[in-house]
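Below is one structure, written out as structure tokens, with a few remarks after it.
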Amino acid sequence: MIKIQVNGKPRELDRPVGLMEFLQDLKVNFRFLAVGYNGEVVPKAQYGSVTLKDGDVLEIVRPIGGG
Amino acid sequence: MTQDVKLTPQQVKRYSRHIIMPQVGSAGQRKLMQAKVLIIGAGGLGSPSAVYLALAGVGTIGLVDFDTVDLSNLQRQILHHNDDVGKPKVQSAKEAMHAYNPDIKVVMHQTRITSENAFDIIKDYDVVVNGADNFPSRYLVNDACYLLKKPLVDGSILIFDGQSTVFLPGKGCYRCLFPEPPGPGEVPNCSEAGVLGAMTGIIGSIQAAETLKLLLGIGESLAGRLLVVDALTMEFRTMKLRRNAKCPLCGDHPTIKELIDYEIFCGLPSLNGQTVAH
């Protein structure tokens, strides 16, 4: 079992999953989201090269416009 | 920046809790007194930023806001009071700031910030604080600050969420973080989804602190880091944010070299009435 953290909450995956596939499964519109992967924002062009592994920490950040 | 301004005995007393700190001192306080900071929006985030910067003795504080005070603002916008309902926000803000500290200059820009006036408004300030309440203004202020090489202290809030970062020219920008704006209706605003009033205090105060650090040249700023706050769990998390070499504004081969129509960019009806699908 692969244990990861998403926005501070634990989550388990039964196999290594690509970041793109993970975001698609969440059904979020990731076109305008920012994703932090192990403490660093990943440029969208690199989503395809990230595979989630045990211990990874994800932060999915939506833009908020309120002031 | 000249440092030959002498503090009056009154100022020495007013700012004594700053002056006593080795990181500020009387030289730092004089720096603050000669600094010029522009705040975009005299609302939720602009309020605590403006109050703390005024109290800190920042010499010139500009405020940009076209709006008037509404009763629904008073759940969180601490610059405005019950008797201010109906007043221009910049006027109400100026009165509140001068009530806190008559020692500072407050410049009122009672207008909506647009591609036409942004450079003129921003150019004379040292640091810009972003408290805009909509995405077109956020992209506009980001682009204008980058093109004018001004540090931008960013912050935003919604419901129980808050974000803050600092964009230093050439070290990453809002477009590196969010290259594409959310389409109309994809992310609600505070009037649609609400916001915990105290969230504005948390994020706006962080923006004020980051601004003071930049002006004093002390500590490690939030530049290159995005701070994400969830008030429901009260967890603060940061992640590194780098300049994206492919950024259309600050990347290696920029395509945005002047201000654009941000309503159209965000898929909103443009000012001439033409609607553009996102």
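The values are calculated or read from the model by the stated rules, or taken from the named source; none is laboratory data. Given the structure is predicted, the values throughout are model-derived calculations rather than measurements. Note that each Cβ is placed from the backbone with ideal geometry, even for glycine, and that neighbours are counted across all protein chains shown.
Mind listing just one residue for me: the one in the stretch B:152-199 that is more than 23 Å from B:Ser72 (Cα to Cα) and of a type in the set (Gly, Ala, Ser) and, of those, surrounded by the fewest Cβ atoms within 10 Å (Cβ to Cβ)?
B:Gly170
This table checks each residue for (1) of a type outside the set (S, T, N, Q); (2) crowded, with 17+ Cβ neighbours inside 10 Å.
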| position | (1), (2) |
| --- | --- |
| B:Tyr100 | yes, no |
| B:Val106 | yes, yes |
| B:Gln110 | no, no |
| B:Ile113 | yes, yes |
| B:Val127 | yes, yes |
| B:Ala132 | yes, yes |
| B:Tyr139 | yes, yes |
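So which of B:Thr200, B:Thr238, B:Thr211 ends up being at the interface with chain A (Cβ under 10 Å from one of its Cβ atoms) and farther than 23 Å from A:Phe32 by Cα?
None of the others qualify; the one that does is B:Thr200.
Is there any pair linking a residue in the stretch B:65-77 that is more than 26 Å from B:Ile121 (Cβ to Cβ) and surrounded by 15 or more Cβ atoms within 10 Å (Cβ to Cβ) to one that is of a type in the set (A, V, I, L, M, F, W, C) and modelled with pLDDT of 95 or more, with Cβ under 8 Å and at least six apart or on different chains, and which?
Every condition considered, the pairs that remain are B:Leu74/B:Val85.
Would you mind stating whether B:Arg30 is modelled with pLDDT of 95 or more, of a type in the set (Lys, Arg) and closer than 24 Å to B:Leu196 by Cα?
The answer is no for B:Arg30.
Within the bounds of the stretch B:59-75, is there any residue that is at pLDDT below 95 and under 17 Å from B:Lys105 (Cα atoms)?
no
State whether one or more residues within the stretch B:231-250 are touching a Lys or Arg at 6+ places or on another chain (Cβ under 6 Å), over 23 Å from B:Cys145 (Cβ atoms) and modelled with pLDDT of 95 or more.
No, every residue in the stretch B:231-250 fails to be touching a Lys or Arg at 6+ places or on another chain (Cβ under 6 Å), over 23 Å from B:Cys145 (Cβ atoms) and modelled with pLDDT of 95 or more.
Limited to the stretch B:121-170, what total is found for residues that are more than 11 Å from the chain's Cα centre (by Cα), farther than 17 Å from B:Ala208 by Cα and either in contact (Cβ under 8 Å) with a residue 40 or more places away in the chain or within 14 Å of another protein chain (Cβ to nearest Cβ) (or both)?
So the count comes out to 19.
From B:Leu249, B:Leu226, grab the single residue that is more than 8 Å from chain A (Cβ to nearest Cβ) and either part of a loop (DSSP other than H, G, I, E, B) or touching a residue at least 40 places away in the same chain (Cβ under 8 Å) (or both).
B:Leu249
A quick yes/no check of all residues on (1) more than 20 Å from B:Cys266 (Cα to Cα); (2) in contact with a helix residue (DSSP H, G or I) (Cβ under 7 Å, 6 or more places away or on another chain):
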site	(1), (2)
B:Tyr139	no, yes
B:Asn142	no, yes
B:Asp154	no, yes
B:Phe160	yes, yes
B:Arg175	no, yes
B:Pro184	no, no
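I'd like the full set of residues that are touching a Gly at 6+ places or on another chain (Cβ under 9 Å) and aliphatic (A, V, I, L, M), limited to the stretch A:1-29.
Hits for the stretch A:1-29 are A:Ile2, A:Ile4, A:Leu19, A:Met20.
List every residue pair whose Cβ atoms sit under 8 Å apart, with the two residues 6 or more apart in sequence or on different chains, where the first one lies in the stretch B:182-208 and is over 17 Å from B:Val229 (Cα atoms) and the second, anywhere, is surrounded by fewer than 16 Cβ atoms within 10 Å (Cβ to Cβ) and of a type in the set (Ser, Thr, Tyr).
B:Ser191/B:Ser72
Is the stretch B:82-89 home to any residue that is in a helix (DSSP H, G or I), β-branched (Val, Ile, Thr) and more than 13 Å from every other protein chain (Cβ to nearest Cβ)?
The answer is no, given that none of the residues of the stretch B:82-89 is in a helix (DSSP H, G or I), β-branched (Val, Ile, Thr) and more than 13 Å from every other protein chain (Cβ to nearest Cβ).
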